[in-house]
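Worksheet for the structure shown next.
Quick note: the coordinates plus some simple rules give every number you see, no bench work behind them. What you see is a predicted model, and the numbers here were worked out from it, not measured in a lab. Backbone-built Cβ (ideal geometry, glycine too); neighbour counts: all protein chains shown.
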Amino acid sequence: MPSTSNPRRYAIASTLLGALLLVALAVPRTAGAADVVLHWTAPGDDGNSGTASMYMIRYSLQPLAGSQPADSADWWTNLSTPVGGSIPTPRVAGTREMFTMTDLDSGTVYYYMIRTCDEIPNCSGYSNLAPKVAGVNPVPVESADMIGYPNPATDHVTFRFQAGKKTGSPGPARLTIYDLNGRRVVELLNEVLPAGEQTVLWACQSDAGNHVAPGLYNAILEAPTGREIRQIVVLPE
C-alpha cells in the first residue's frame, strides 16, 4: 500500500462541490520508487462558500470503462481502493490543497478520483479521473497550446495547457479572464508549475463569486513559452 504525506498550499484547479477537478503530477525519487502529487482547490459545503467536512480519494490501475456517470460510479465502487494515510481535512472554499502518495512503482500508470462531503453527509459527484505515470520526468515544453472547452459554455470551462519552461523545468503561469472591455473578471491561476500538462476549471464566475453575464470573454495565459489568448463564449444558464 502506498504511503502518504500531509497537504501543503499548492494546487492549480478551481473547483465546486460536485465538480471537483483533480490533477496528478509525478515526482521521481529513485530508480524503483516515485511519488505522485494530487492537486485541487477546496470547494465549499454550499457551492463556493463555507467549508466541506471531508475528502474521499481513491486510486486504481484501471481507467474508466466509458464516459458516462455510471462508469465513474462503477470505477469508484468496484475498481478502486481508498488511499492510505492522513487525507487532508478540507479548508475554507478556495484554499489550495495537496496530497502526496509515495513509494509507488516507477513507470506504472495510476488513476485517481476525489469526492467531498459536508457534515450530513451530502457528497459531491465524482471528479475527473486523473492519470499519471509514476516517476516519469517531464519533457521540454515548446508551446503552452492552451485549449478551453466546452466552448460555448454555460456553467464551466476547462482549460488545458502545457506548463513549464522550454528546458522542462518548472515555470510561472498566470491565467486570467477578461471581458471585451479589458476589465479583469477573475484570476484563475498565478503560480510556478511543474512542466507538463495542467488543467484549470473556470466556473464562469467573477472574482466576487458571481456568475458572469452571457457574452464573449478572453482567457489570457502568460507562461515562459509566451502569451496565449483564447476567446470563450458564455451562454445564458
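Before moving on, here are some points about what is shown:
- Rel. contact order, % - alpha carbon contacts under 8 angstrom, at least six apart, region 82-237: 20 percent
- Note, ³J(HN,Hα) from phi for region 174-182, Karplus 6.51, -1.76, 1.60, rounded to Hz, x at Gly and Pro: 10, 10, 10, 9, 10, 7, 6, 8, x
- Couplings for region 210-222, taken from phi via the Karplus curve 6.51 cos²θ - 1.76 cosθ + 1.60 with θ = phi - 60°, read 8, 5, 6, 6, x, x, 9, 9, 9, 9, 10, 10, 10 Hz in order; Gly and Pro are left as x.
- Prolate/oblate/rounded label for region 48-96 (Cα gyration tensor, a/c 1.5): oblate
- Region 191-237: C-alpha gyration tensor shape, a/c 1.5 cut-off, then a/b vs b/c: prolate
- Sequence-distant residues sharing a close amide H with MET54 (under 5 Å, placed H): CYS117
- Each residue of region 147-158 was assigned a 3J(HN,Hα) from its phi angle through the Karplus expression (A = 6.51, B = -1.76, C = 1.60, θ = phi - 60°), giving 10, x, 8, x, 8, x, 9, 10, 10, 6, 9, 9 Hz with x at Gly and Pro.
- Cβ-placed point charges (K, R +1; D, E -1), dipole of region 147-234 about Cα centre in debye, nearest 20: 260 debye
- More than 22 angstrom apart: percent of Cα pairs within region 147-234: 24 percent
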